[in-house]
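So the structure is just underneath, and the comments pick up after that.
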Amino acid sequence: MSNEVIAEFRDSGDHFVKIAKSASSEKLHKSGQNDEWSPANVIHHMADTEAHFYLRYLRVLTENVPTIGFFDENIYPKLLHYDKRDVNASIALIEGLRASSVSLFNNFKDEDWQRKGLTPDGKEFVLIALVKKARSHMNDHANQLRAALLEL
């Protein structure tokens, strides 16, 4: 099962990066209808999210049932200046963090996948569920990015 999870995780990142790299510079900073995120904002969001996920993996692996906090994605675009950030740097960050994560996962023993963490409200989760969540999150935003690029 873990090899399948690793492959799906890797493929979801590769798919997102392929879409991100295909975006023309003219479309990157345009927003769709209803003031939706621009393609650049989606890419920066994914870079920041990947950084958070990576730190979560490390904490679950190295701490005894840590509480893993969440972040408010709605304040990031303004406070982290998504409008001025380098899209290529964010894509590179996604690629690097995904590659590092896959390398980490490839060395897991069965019990590593079952290490536990807690959500801020005290609900327990296992590491493999967190990795699956990251995979799904990447797939969801790949679909969002593809749709945004087609709309513009």
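Quick note: the coordinates plus some simple rules give every number you see, no bench work behind them. None of these values were measured; they are calculated from a predicted model. Cβ: placed from backbone, ideal geometry, glycine included. Neighbour counts: every protein chain shown.
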*Quickly estimate the mean residue ellipticity at 222 nm for the chain, helices only: each DSSP H run with n ≥ 4 gives -39500 (n - 2.57), and the total goes over all residues, rounded to 500.*
-21500 deg cm²/dmol
*May I ask you to list the aspartates and glutamates whose Cα is less than 16 Å away from that of LYS84, ignoring any residue fewer than eight positions away on the same chain?*
GLU26, ASP48
*Lys, Arg +1 and Asp, Glu -1 on Cβ, resulting dipole of the chain about Cα centre, debye, nearest 20*: 160
*Hand me the chymotrypsin sites (Phe, Trp or Tyr not before Pro) from region 11-96 located in a DSSP loop with no more than 11 other Cβ atoms within 10 Å, in residue order please.*
PHE70, PHE71
*So what is the relative contact order of region 2-151, in percent, for Cα pairs below 8 Å that sit 6 or more residues apart?*
40
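Hey, got a sec? Which trypsin sites (Lys or Arg not before Pro) in region 54-152 land in a DSSP loop and have at most 13 other Cβ atoms within 10 Å?
Numbers: sites: ARG56, ARG59, LYS78, LYS84, ARG85, ARG98, LYS109, ARG115, LYS116, LYS123, LYS132, LYS133, ARG135, ARG146; in loops: LYS84, ARG85, LYS109, ARG115, LYS123.
Sparse-neighbourhood loop trypsin sites (Lys or Arg not before Pro): LYS84, LYS109, LYS123.
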*Identify which of ILE94, ILE19, ILE75 has the largest mean-square fluctuation in a Gaussian network model of the chain, with springs joining Cα atoms closer than 10 Å.*
ILE75
*For HIS29 and ASP11, calculate 0.36 nm times their separation in residues minus their Cα-Cα distance, and state this gained length in nm to one decimal.*
3.9 nm
*LYS116: which lysines have alpha carbons under 26 Å from its alpha carbon, excluding same-chain residues fewer than 8 sequence positions away?*
LYS132, LYS133
*asked:* Only helices at least 20 Å long along their own axis, judged from Cα atoms, and with Kyte-Doolittle mean hydropathy of 0.5 or greater: name those in the chain from DSSP H.
replied: 87-106
_For the chain, the fraction of alpha-carbon pairs in successive 10 Å shells from zero, as %_ = 11, 40, 32, 15, 2
